[in-house]
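Have a look at the structure below, then the notes.
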Amino acid sequence: MIRRSFATACMSVLLAVAAPAWAQQAPDALVKEVSTEVMDAAREDKAIQQGDVQRVITLVDSKIMPHVNFERMTSAAVGRYWRQATPEQKQRLQAEFKTLLVRTYAGALAQVKDQRVTMKPMRSAPDDKEVIVRTEVRGRGEPVQMDYRLEKSADGWKIYDVNVLGVWLVENYRNSFAQEIGQGGIDGLIAKLAERNKAAGGRS
C-alpha cells in the first residue's frame, strides 16, 4: 500500500510541474526531466514533506493545466456518460476529479526520499501521435512500475493517463464512476466526489 501510494503521488505531482520550456521535448525526455525535478522538489520542500495539501494544490493549479489534457483524462474516466453531461457538469466533474486526485495522493509525497526514475526502452515511430512512456521508480524497496500515455498536441506532448503497478488510472476510476452514475446520474457522481473531497479537507 505504501509503494502504491508513493507511486501514485509521484504521478500526481509529475503532472503538476511540467514547465513550458519542456513542451516540445520528445515524450520520454519530457517524462525523465520532469520526474527528476519533481523528486528533487519533493525532497527539498519542507511543506511537501510535512504533507501540506494546499502546497500541492497550488502547484497543480499553476503548472498542471497547460501541460496535461485533463479534460480527456476526466472524460475517459466518466466514459460514455460524458456525452450526456452539460458544459457546467463537465466543468464540475473536472474540478472535483482534480481535487480528488491531488488530495488522495498529496500526503504520500512525504515518502519521497532516495527514489529515482529509470526509463525503459521507448517503442514509437517519429510520426506517432500517441505513445506510452514506460518507467520504474527505484529506491530502497522493490521497483515500482509507472507508465504514461501521452498525446501529441499543437503545443507539445500532454499526459492523459498513468499506469501504476499495472493499473491504468482512467480505467480504475471509470468502473467506480459508472457505478455512481448508474445510481444517481451525473449529478450524483458530482455530489459523491464533492462529498469525498470535503471529507478529505475541503475544496481547493
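The values are calculated or read from the model by the stated rules, or taken from the named source; none is laboratory data. It should be emphasised that the depicted structure is a prediction, and the values quoted were computed from it without experimental measurement. When we count neighbours, we look across all protein chains shown, and the Cβ atoms used for this are built from the backbone with ideal geometry, even at glycine.
Would you say Ser124 is at pLDDT 95 or above and either in contact with a Cys (Cβ under 8 Å, 6 or more places away or on another chain) or hydroxyl-bearing (Ser, Thr, Tyr) (or both)? Considered against the rule, which asks whether it is at pLDDT 95 or above and either in contact with a Cys (Cβ under 8 Å, 6 or more places away or on another chain) or hydroxyl-bearing (Ser, Thr, Tyr) (or both), Ser124 comes out as no. Considering the range 41-85, and only residues there that are surrounded by 14 or more Cβ atoms within 10 Å (Cβ to Cβ) and outside any helix (DSSP H, G or I), the residue that is modelled with the lowest pLDDT turns out to be Ile64. Figure legend. Inter-residue proximity from the range 74-97: first residues closer than 18 Å to Trp168 by Cβ, second residues among the polar types (S, T, N, Q), beta-carbon distance below 8 Å, spacing 6+ or different chains. Indicated pairs: Thr74/Gln94; Trp82/Thr74; Trp82/Ser75; Phe97/Thr74. Against the conditions (1) closer than 17 Å to Ala29 by Cβ; (2) surrounded by 11 or more Cβ atoms within 10 Å (Cβ to Cβ), Gln115 satisfies every one except (1).
Scanning the range 86-109 for residues that are modelled with pLDDT of 95 or more, over 20 Å from Asp161 (Cα atoms) and part of a helix (DSSP H, G or I) yields a total of 3. Candidates in the range 154-196 are the residues that are among the acidic types (Asp, Glu) and not in a helix (DSSP H, G or I); of these, the one that is surrounded by the fewest Cβ atoms within 10 Å (Cβ to Cβ) is Asp155.
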